[in-house]
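In what follows, a single structure is set out as structure tokens and then discussed.
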């Protein structure tokens, strides 16, 4: 699922409802390299709190981000906790800065784009296979994790 219709929520007497929603997340580029989440989706806990015609949406999930290490190009696997809030007034996102597009339009939440943006906000500055990754030799590209004593003789 990529989109969620807020009109499908039935608040009844409750001011808050929640749904667990599987959300498809497209692969993305970060630091010039391709990354993805396992199986291309995340399990989002979507909470909606209503006051009159206003709805506060909260999205929470945990996921792994998988792709190349930004130092050695080996496999990197980072687990992140994600939480975000979006406000909608009468079915439209509000409070967005000039030129930015919100995640709610005509009562439809773009969960796929929202989840991907939330993931991007939580990523560390560099995705590494491990904190002590030594990277690649700048002269020949040898993996310094595999060959820690690697050196080039100076002419």
Of these, 31, 67, which one is touching a residue at least 40 places away in the same chain (Cβ under 8 Å), within 21 Å of residue 131 (Cβ to Cβ) and surrounded by fewer than 16 Cβ atoms within 10 Å (Cβ to Cβ)?
-> 31
Of the residues in the stretch 98-134, how many are more than 30 Å from residue 85 (Cα to Cα) and surrounded by fewer than 17 Cβ atoms within 10 Å (Cβ to Cβ)?
-> 4
Within the stretch 98-155, how many residues turn out to be more than 27 Å from residue 64 (Cα to Cα) and in contact with a helix residue (DSSP H, G or I) (Cβ under 8 Å, 6 or more places away or on another chain)?
-> 1
All conditions in (1) modelled with pLDDT under 95; (2) buried (at least 16 other Cβ atoms within 10 Å of the Cβ); (3) more than 17 Å from residue 31 (Cα to Cα) are true of residue 141 except (2)
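The values are calculated or read from the model by the stated rules, or taken from the named source; none is laboratory data. Note that this is a predicted model, so its numbers are computed, not measured. So basically every Cβ, Gly included, is an ideal-geometry build from the backbone, and we count neighbours across all protein chains shown.
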